Amino acid sequence: MSSPSLEIAASAGLQDSMPRAALLSIHARVSETQPGTWEQAPLIQVWGPRYSAFVIAERDLALFTLGRLPEERSARQRAEDTANRLEAALGEERMDCRVAARIVGLHPNALRYAAPTGRFRIYWDGSRQPLVWTVPAPAIEPADARLELARRHLHVFGPSKPESFGSWAGVRPKVADAAFNSLNNELLPVQTPIGEAWILASDESSFRSAEGTASSRLLPSGDTYYLLQGEDRQLLVPDAVQRSQLWTSRVWPGAVLLDGEIVGTWRRSEHKVTVHPWRALSDADRETVEGEAASLPLPGIARPITVTWGS
């Protein structure tokens, strides 16, 4: 547990659309995570990729905001106009986004279009509407922020392709292609079971040297480890039936990671965790998973966490 550790854990952002998913993502990566770690420095919240709630490192504000600023004139104008109206409504206040939306005459969800300007932060505790307030715009060109965002994507999600970056970041295919072209000298082509893709050349050694993995982790819905789209999911879960159980059409379950392999799904209701393994697990493996469940730093849970094993 340290500020650098938290910055590394959030290097590709931690989706927080499900209340406190980012907290469990931090717990999976950083020891001694506490219920309030997600809201402590150096971490902040923004409307990030695909306008979802994300926990990121404060130093990365420009990447996850300006890095997604649209190139199209009309879309960029909408972002700037929304930002100007919202800034005028907020002044120096932190305001419930419903109240702010009422003042500017927009639906609360429409305020998210201002996020790529980098001029706003949010705070969402999972139970009410987010608070929103103004901050100084990052002093960096959007194109430079986008290149660093693409590097982060490649480092965490690679091997990857421009269309995968565009889908994750929520930018147009043309913009994603341009980012990869600009990084051409930093990329290394690789062959995967689903075709050619790219990694950062600086990451080659880590791909060639497989190191030890955590024994067991319960990754929350939308965790960065499996925040993949389309055919990229085959690289992580080759079995089509298992993919349909992990990436459902509604709210995704969590993923059970055991010795570097996703071996099932899990869901939680209050203190009750239900695990659905995809294969028979040894008694030792089950004890490991149950121990990980018991360690989850969930706020507001008065009773010990119990695990039920599904078929």
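The values are calculated or read from the model by the stated rules, or taken from the named source; none is laboratory data. All values reported here derive from a predicted model rather than from experimental measurement. Glycine gets a Cβ as well: all are built from the backbone with ideal geometry, and neighbour counts include every protein chain shown. These accessible areas exclude ligands, DNA and RNA; they are computed on the full protein's heavy atoms, side chains included. Shrake-Rupley method; radii C 1.70, N 1.55, O 1.52, S 1.80 Å.
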Show 68, 78, 73 ordered by accessible area, largest first, where the area counts protein heavy atoms only and the probe is 1.4 Å.
73, 78, 68
The computed P(r) of the stretch 249-296 puts the percent of Cα pairs beyond 17 Å at 30
Can you give the three extents of the C-alpha atoms in the stretch 69-125 along their principal axes, from longest to shortest, in whole Å?
31, 22, 19
Regression test value, accessible area per residue of the chain, probe 1.4 Å, units Å², expected 49
Mind grabbing the accessible area of residue 232 for me, 1.4 Å probe, Å², rounded to tens?
20
Could you look at the stretch 168-311 and say what percent of its accessible area is carbon and sulfur, using a 1.4 Å probe and all protein chains?
47
Among 176-183, 252-259, the order from most to least packed when residues are scored by Cβ within 10 Å on average
252-259, 176-183
Which whole DSSP H helices in the chain pass both tests: a Cα extent of 15 Å or more along the axis and a mean Kyte-Doolittle value no lower than -1.0?
142-157
Expected sort for 47-59, 283-295 on mean C-beta neighbours within 10 Å, highest first, is 47-59, 283-295
Whole-number D in µm²/s for the stretch 135-184 (Stokes-Einstein; Kirkwood sum over Cα pairs; 4 °C, 1.567 mPa s):
117
Debye equation applied to the C-alpha atoms of the chain, log10 I(q)/I(0) at 0.08, 0.09, 0.11, 0.15 Å⁻¹:
-0.38, -0.48, -0.72, -1.29
The answer for the net charge of residues other than residue 7 whose Cβ lies under 10 angstrom from its Cβ, with Lys and Arg +1 and Asp and Glu -1, is -1
Taking a ≥ b ≥ c as the square roots of the Cα gyration tensor eigenvalues, with a/c under 1.5 meaning rounded and otherwise prolate when a/b beats b/c, else oblate, which class fits the stretch 35-119?
oblate
